[in-house]
Amino acid sequence: MADEKSRTSGEIPRPEPKGPILPTTNPEADKPQPPKPAIHPAFYVAYVESPPSQYKVWISLSSSVILFNKWILDTLEFRYPVILTTYHLTFATIATQLMARYTTLLDGRKSVKMTGRVYLRAIVPIGVFFSLSLICGNLTYLYLSVAFIQMIKATTPVAVLLSSWAMGLAPPNLKQLLNVSAIVVGVMIASFGEIRFVWIGFFYQLGGLLFEAIRLNLVQALLSSAEYKMDPLVSLYYFAPICAVMNGVVALIWEVPQVSIAEVYHVGLFTFFLNGLCAFLLNVSVVFLIGKTSAVIMTLCGVLKDVMLVVASMIIWGTPVSGLQAFGYTIALAGMVYYKLGLEAIKGYAGEASRQWAEFGAARPALRKVVVIAAALLFVFILFGGLAPSSYDPSQYLSGAAEKLGVSS
């Protein structure tokens, strides 16, 4: 029986196992999986759930500082931009000194080999141009609208490129010049379409751009050495004192004899404190953004911020924006994105944005319709503003609506 059982069991063919009896790995897991496509955070930086909070904080603070300064200098009629800039830098000087003593946020300065010679030869010249750019930039708010100022600022890459050639920091490149030409053409068209064009304000803004471009090139030359690498907050720790002194001297000669204590109280000490705090927190937010972002995200976030500021200027101050101006600004923004990102990167992000927009429409069709309608209304508003006569000013309609609602403007 034993032989029969043995013989019987031997005659039954066993199926060959298709895989190992005791699998130790998942064969499917060993195969390289293609990465799931995801749109770049900057494309939906305004969407609450998706981007990191640092992006939203940076955009909010950067926009708030510009609008806050315009409100103090223009709406509250405190027409002393140099004093305001001196206050910002003094606030930053005191704050960074306190942070250096009681926090670890400025510990990066310990790795910087800063000597008196380096400070005089490197930090002071950068501080001089930083001071000049701030003075000219704030003077511009007395003459031009926030919307037009942001349009002119689109030429910053052009100014940086040309100044780097003039300073011998980079060899002239015709291809780069052609790449930034669209920015210049767009801003020129926007300037022709500006309804409230003021030459002195325009020249102040160009001067501010030139000084800022020189400052950026000097900073790049300084930071090209590993021993002088520093984050924006450490940079502010070194630059703020010299800038505060320079601006203070200019303010003492130019504006302090004219200002009265009544004008200061009209703005309010608490308002000044909030303004200085907002300007300082902007520098802090940039520090926390470092390491979590890239040049691509900052470029796209910057474009989004500029567009938001133009819209905010139209809503808050009733700034008229002509159709020609909107067309030129669109060209300038497109040229800036192309110059900083390149054609291939733009194609990739555009395709991914289209796919995500389709998925968003499928998931939330009602919200997508609201976005489309809001964009269409904004376009019509800008178009009719551009077709209106040069005396067109939406502020009168906003004031009339406020009176009907019983709200004092």
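A quick yes/no check of all residues on (1) surrounded by 17 or more Cβ atoms within 10 Å (Cβ to Cβ); (2) in contact (Cβ under 8 Å) with a residue 24 or more places away in the chain; (3) under 24 Å from residue 119 (Cα atoms):
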| position | (1), (2), (3) |
| --- | --- |
| 240 | yes, yes, yes |
| 244 | yes, yes, yes |
| 250 | yes, yes, yes |
| 259 | no, yes, no |
| 285 | yes, yes, no |
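The criterion of being crowded, with 20+ Cβ neighbours inside 10 Å, at pLDDT 85 or above, within 22 Å of the chain's Cα centre (by Cα) and in a helix (DSSP H, G or I) holds for residue 85.
Looking at 173, 179, just one residue is farther than 23 Å from residue 133 by Cβ and surrounded by fewer than 17 Cβ atoms within 10 Å (Cβ to Cβ), and that residue is 173. Every test in (1) under 23 Å from residue 179 (Cβ atoms); (2) surrounded by 12 or more Cβ atoms within 10 Å (Cβ to Cβ) is passed by residue 319 save one, and that test is (1). When we screen 402, 326 for residues that are modelled with pLDDT of 70 or more, in a helix (DSSP H, G or I), small (Gly, Ala, Ser) and out of contact with any His (no Cβ under 9 Å at 6 or more places or on another chain), the only hit is 326.
With a requirement of 3 or more residues that are in contact with a Ser or Thr (Cβ under 6 Å, 6 or more places away or on another chain) and at pLDDT 90 or above, the helices (runs of 4 or more DSSP H) lying completely within the stretch 199-267 that satisfy it span 199-223, 232-254.
Could you look through the stretch 184-198, keep only residues that are among the aliphatic types (A, V, I, L, M) and part of a helix (DSSP H, G or I), and pick out the one that is surrounded by the most Cβ atoms within 10 Å (Cβ to Cβ)? The qualifying residue surrounded by the most Cβ atoms within 10 Å (Cβ to Cβ) is 190. Scanning for something under 30 Å from residue 356 (Cα atoms), at pLDDT below 90 and either in a loop (DSSP other than H, G, I, E, B) or not small (Gly, Ala, Ser) (or both), does the stretch 67-79 turn up at least one residue? No: zero hits.
Note on the stretch 143-175: residues that are in a helix (DSSP H, G or I) and either of a type in the set (Val, Ile, Thr) or without any contact (Cβ under 8 Å) to a residue 40 or more places away in the chain (or both) amount to 11.
The values are calculated or read from the model by the stated rules, or taken from the named source; none is laboratory data. Note that this is a predicted model, so its numbers are computed, not measured. Cβ atoms come from the backbone with ideal geometry, glycine included; neighbour counts cover every protein chain shown.
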